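The values are calculated or read from the model by the stated rules, or taken from the named source; none is laboratory data. What you see is a predicted model; the values in this text were computed from it and never measured. Ideal geometry is used to build each Cβ from the backbone, glycine not excepted, and the neighbour counts take in all protein chains shown. Surface accessibility is based on the protein's heavy atoms, side chains included, excluding ligands, DNA and RNA. Shrake-Rupley method; radii C 1.70, N 1.55, O 1.52, S 1.80 Å.
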Amino acid sequence: MTAKECRAFLDRWDELTFRAPEAGRAHAAEGLARVERLGNPPELHARAVTFMGCSLRLCDPRRALAVLDRALAIYRRQGAAAAPGRQMLLDEADTRRRLSLVHRDLAALGHQDHRDRALDETDRAFKLCVALGDREGAARCQLARATIHIRFDEYLPGLRVLLPALPDLQGSYSIAAAHNVKTALLWSRRRGIPIPKDLRRLALTRSIRLVRLAPSSRERWVDTPASGSHGRRKKTPEDALWRWNLAIFLEEDRRYHDALRVLLTARDDLAALGMPLYVAEIALDVAPLYARFGMWDKVRGVAAEAVRLLGDFPGSAQAVAAYGLWAQAIEAEDHEHLARLAAACGTALGQLHDAPLQ
């Protein structure tokens, strides 16, 4: 195996781990073994150590911290010995970004001193990416910074950082961004935090529009139409999440008919993709819009479907109970308590699945 082939193997870690987390550690271990067979060149060694540290983040964040510090030490030694090339500097920035996520997780476990360290590492990584002209790397740093804010319930600062970076995120990072935007929007709503007009404008006129028109989210017609067409949209979880986010921004902008139309297409896609938890969660946004138009039969139908979908889901007793109370309030057309009960449903559902935080 050549150094180039080894590097390509190592860099498959992100997409592989995003879709199959249990495979990440084995891939990182194999990467270290391959680098060792090549004589542990510093650039590859540091990269392999970085991925091993990332593989430990969820199960042992303290150990992950130590391993990622080892990777940074390799970069520092290489920088002291010779002027590092652009790629090595970008790799160091990437390691710092990943290190910030470990500090974030430790801070979320109650070690508050790690919060400032998390923000400091993302800031250093971001500045390095900007200096080197790496827009995608800089966007990944902004995603990391946004997840720090969102993890600590700072939803508007998270959106303010993340929305401008959306068009530069690709692959699993774009999916993670969609989940984090959704988390920030839904919890802002449940806690009565309005989305400022400038953020709504940014999302509706640029960020989400550009993401949804990207080639990766489109599917060309067999007979390519005239220029200007973006093809038909793919029915993917990522696209459904972006449509959900778009609908919330449209509703915040008081474009209620547009919001309901987009929200229903997202709901239909999530149902077709076999994602019952998301279908149940999106019901909390569909129902109020139906109610706004006085369509109470549809409101009751959405609520009943959500309760039914959760009924057979393992470990969902608390969520089913919360949704049951929400459905009862809908049946009684009890407007006063619907928002509070919807927030309780969201909390119960959050214990069944969490948004992936890259």
Practice prompt. Skip the ligands, DNA and RNA, and give the accessible area per residue of the chain with a 1.4 Å probe, whole Å².
Written response: 46
Worksheet item: What is the extension gain from Ala81 to Leu109, computed as 0.36 nm multiplied by their sequence separation minus the C-alpha to C-alpha distance, in nm to one decimal?
Response: 6.3 nm
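How many percent of the accessible area of the chain is carbon or sulfur, using a 1.4 Å probe?
For the chain, the apolar C and S fraction of the accessible surface comes to 53 percent.
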Practice prompt. Using Cα centres only, tell me the gap between region 288-330 and region 7-52 in whole Å.
Written response: 45
Worksheet, complete the sentence: With Cα springs under 10 Å, the Gaussian network model of the chain assigns the largest mean-square fluctuation among Val299, Val181, Val102 to Val299
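Please identify the trypsin sites (Lys or Arg not before Pro) of region 180-212 that satisfy two criteria: DSSP loop assignment and at most 15 other Cβ atoms within 10 Å. Which are they?
On the way: sites: Lys182, Arg189, Arg190, Arg191, Lys197, Arg200, Arg201, Arg206, Arg209, Arg212; in loops: Arg191.
Loop-located and lightly packed - Arg191.
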Item to complete: Starting from region 1-83, pick out the GluC sites (Glu not before Pro) whose DSSP state is loop and whose Cβ has at most 15 other Cβ atoms within 10 Å.
Response: none
Worksheet item: With contacts defined as alpha carbon pairs under 8 Å and 6 or more residues apart, what's the relative contact order of region 1-109 in percent?
Response: 21
Fill in: Most fluctuating residue given options Gly171, Gly137, Gly294, as computed from a GNM of the chain linking Cα atoms under 10 Å
Gly294
Worksheet item: Rounded, prolate or oblate: which fits region 116-170, taking a ≥ b ≥ c as square roots of the Cα gyration tensor eigenvalues, rounded meaning a/c under 1.5, else prolate when a/b beats b/c?
Response: oblate
Worksheet item: Cα gyration tensor of region 106-202, axes a ≥ b ≥ c as square roots of the eigenvalues: rounded (a/c below 1.5), prolate (a/b > b/c) or oblate?
Response: oblate
Practice prompt. Based on the mean of other Cβ atoms within 10 Å per residue, sort peptides 83-96, 116-129 so the most packed one is first.
Written response: 116-129, 83-96
Practice prompt. With everything on Cα atoms, drop me the angle between helix 42-55 and the longest principal axis of the chain, reported from 0 to 90° to the nearest 10.
Written response: 30
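Compute the Cα gyration tensor for region 228-358, then decide on rounded, prolate or oblate, letting a ≥ b ≥ c be the square roots of its eigenvalues: rounded whenever a/c is under 1.5, prolate when a/b is larger than b/c in the other cases, and oblate in all that remain.
oblate
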